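First up is the structure itself, then whatever we jot down about it.
The values are calculated or read from the model by the stated rules, or taken from the named source; none is laboratory data. Given the structure is predicted, the values throughout are model-derived calculations rather than measurements. As a convention, Cβ positions derive from the backbone with ideal geometry for all residues, glycine included, and neighbour counts pool all protein chains shown. Calculation scope for accessible area: heavy atoms of the full protein, side chains included, ligands and nucleic acids excluded. Shrake-Rupley method; radii C 1.70, N 1.55, O 1.52, S 1.80 Å.
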Amino acid sequence: MPKPFTPKVITANALLEGDVIYQTTDGWTRDLVQAEVLTDEADADLRLIEASAQTAHVVGVYLADVTVESGVPHPVHFREDFRATGPSNYAHGKQETAAPRT
């Protein structure tokens, strides 16, 4: 029996900058909070195909599992949490402006 579909977001890397980005209803964002959460498997598959076709802007497009708490998506897996917060060697980029996570 297949596993039930769980909420997901579409993520990739920006082709020129390399930043982690997330698909929204009308484009891309670097902030996971603004990402469109997909709850329908067929819709997610279609959106993934559309996002993957944007080869002039993105690379490495895939669906990432999230949980939604108070309307805000949170990564399920460590890898996605790491990608959402940025490099961990010192505070720069996203880490300079982001509030501490609990």
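Can you send over the carbon and sulfur percentage of the accessible area for region 1-87, probe radius 1.4 Å, protein chains only? Ligands and nucleic acids excluded, carbon and sulfur reach 58 percent. Counting heavy atoms of the protein chains alone, Glu41 has an accessible area of about 100 Å² for a 1.4 Å probe. In the context of the full set of protein chains, residues of region 1-77 present 60 Å² of accessible surface per residue (probe radius 1.4 Å, heavy atoms only).
Order Phe82, Phe5, most accessible first, counting only protein heavy atoms with a 1.4 angstrom probe.
Ranked list, largest accessible area first: Phe82, Phe5.
Here's the picture: a label point sits 7 Å out from the Cα of Leu16 along the beta-carbon direction, and within region 49-87 the residues with their amide nitrogen under 11 Å of it are 57.
Largest to smallest in accessible area, the residues Lys8, Lys3 fall in the order Lys3, Lys8 (1.4 Å probe, all protein chains included).
Surface calculation, 1.4 Å probe, protein heavy atoms: Ser52 sits at approximately 60 Å² accessible.
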